[in-house]
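Comments concern the structure below.
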């Protein structure tokens, strides 16, 4: 089932970043295209930095790309760096405003019931590919960007451990 994208006119902000060729990052040792993991060999948390949950959100893509290009390795635990919704990214034009997703909002799929019910949409297929690795993650930073000129912010769940972490970081300030 193809869900039509809403027709939305983006704000007229100047473009400061350009589309990047992600093909060099396709193959990885994880067996999941565009998902790279480094293991320090020392026990610790598994942290994941994820970009391109939405195909038109390029800022996080540049962060993950740079982390991969600098060959960042964890001192303890494991670090996974990923480009999630590659199919939507590949549909984005040079202007970078269309193709948030192909069939379903990738960000809204991450519930067991939803994934069990959908094995056919482009985003669900990708989520099923990534899911075994994502289930091993202790901390996930999912990078998004917006069309609007805003101060950086976190969207956090209401779990007590998440609220405690936010309070420790004091970002954004209360």
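The calculated FRET efficiency for residue 146 paired with residue 40, based on their beta-carbon distance and R0 = 30 Å, is about 0.35. What's the FRET efficiency of residue 117 with residue 73 using the Cβ-Cβ distance as r and R₀ = 30 Å, to the nearest 0.05? Efficiency at R0 = 30 Å is approximately 0.20. Per-residue Cβ neighbour counts within 10 Å put 53, 37, 30 in the sequence 30, 37, 53, beginning with the fewest. Each residue of segment 26-148 gets 111 Å³ once the volume of the Cα convex hull is shared out per residue. Counted by neighbouring Cβ atoms within 10 Å, the residues 59, 119 run from fewest to most as 119, 59.
Look at 58, 110 and count the other Cβ atoms within 10 Å of each Cβ; fewest to most, that gives 110, 58. For the pair residue 23 and residue 138, what calculated FRET efficiency results from E = 1/(1 + (r/R0)^6), where r is the Cβ-Cβ distance and R0 = 25 Å, to the nearest 0.05? Taking R0 as 25 Å, the efficiency between residue 138 and residue 23 is 0.25. For segment 19-60, the relative contact order comes to 21 percent (Cα pairs under 8 Å, sequence separation of at least 6).
FYI, it's all coordinate maths here, none of it is from the lab. This is a predicted model, so every value here is computed, not measured. Virtual Cβ from ideal backbone geometry, glycine too; neighbours counted across all protein chains shown.
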